[in-house]
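This report concerns only the one structure given below.
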Amino acid sequence: MENRYYIYLFKVKETGRVIYVGSTWRIGNRINMHRRSMREPDRAQPIHKYLHANNLQLFKDVEIDIVDTTLGKDKAMELESKYYKKYKLSSVNVWDADKRSGNNSPIRQPLVTKDGKMTFSSQREAARKLGVSREKVHKMTEAGELIRIAVRNKYKNETTGETYISAYQLVQDLNIDMKIVRDLNKRGSVVLNGMTIRKV
């Protein structure tokens, strides 16, 4: 059974301007992540920096509108890309959805420096350790300063077909704690909400 995904917008109440397009299958968790990124500068992405720079607060000045829904991550990325293109001139999104799925995901893409001296488990980790934005990491990768490492999956959701390269990604995507991951690593598989998660 595929997860239901939601396409959402950040819209400035005063002007009606759409400044962000996103998608998620856990809307409450995603909103909390945005709020945390507003509080913690090292987690801030361009949209959060934009909100700070313009003295805009979520809910008070910026509303979150769910505008579409679909089943499955691939269809969600297609829908998000459609809305991104629709609001491209006004939004603060860094990348179109179709350019950050798969190996372009900030969670999924391990990287290594050109000289091989530093490796990073994700774009997010590279940004944090190098002290730059994820947008800069993306540009460094395109310029050949950082090299993509082939992704090896560690876990698989047998029910939906989704794969995960790390315990961190599994915890984030399924909203579980590390105790369940330890049990999964020990037993080889666990059943969560009717879905079988297997270590591969």
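Values in this text are rule-based calculations from the coordinates and carry no lab data. The model shown is predicted, which means the values in this text are computed figures rather than measured ones. Neighbour counts are summed over all protein chains in view; Cβ atoms, including those assigned to glycine, are modelled from backbone coordinates with ideal geometry.
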I need the shape label for the chain. Rule: rounded when a/c is under 1.5, else prolate if a/b > b/c, else oblate, with a, b, c from the alpha carbon gyration tensor.
oblate
As I understand it, the dipole of the chain uses +1 on the Cβ of Lys and Arg and -1 on the Cβ of Asp and Glu, about the Cα centre. Which of A150, T15, L71 lies farthest toward its positive end?
A150
Compare N157, N55, N29 in a GNM of the chain, Cα atoms joined below 10 Å, and give the one with the largest fluctuation.
N55
Apply the Karplus parameterisation 6.51 cos²θ - 1.76 cosθ + 1.60, with θ equal to phi minus 60°, to every residue of the stretch 38-50 and state each ³J(HN,Hα) to the nearest whole Hz, in sequence, with x for glycine and proline.
6, 7, 10, x, 6, 9, 5, 9, x, 5, 6, 5, 5
Label-point separation, K199 to E135 (7 Å along Cα→Cβ), nm
4.1
Search the structure for amide H atoms under 5 Å from the amide H of L146, placed 1.01 Å from N in the peptide plane, and list their residues when 5 or more places away or on another chain.
T141
Relative contact order as a percentage, the chain, C-alpha pairs under 8 Å and 6+ apart, gives 17
Per the Kirkwood formula on distinct C-alpha pairs, the Rh of the stretch 1-84 is how many angstrom?
13.3
Dimensionless Rg/Rh of the stretch 116-200, both radii on Cα and Rh by Kirkwood, sits at 1.07
For T196, residues with placed amide H under 5 Å, excluding near neighbours:
E158, T159
With -39,500 (n - 2.57) per DSSP H segment of 4 or more residues and division by the full residue count of the chain, the 222 nm estimate, nearest 500 deg cm²/dmol, is -10500 deg cm²/dmol
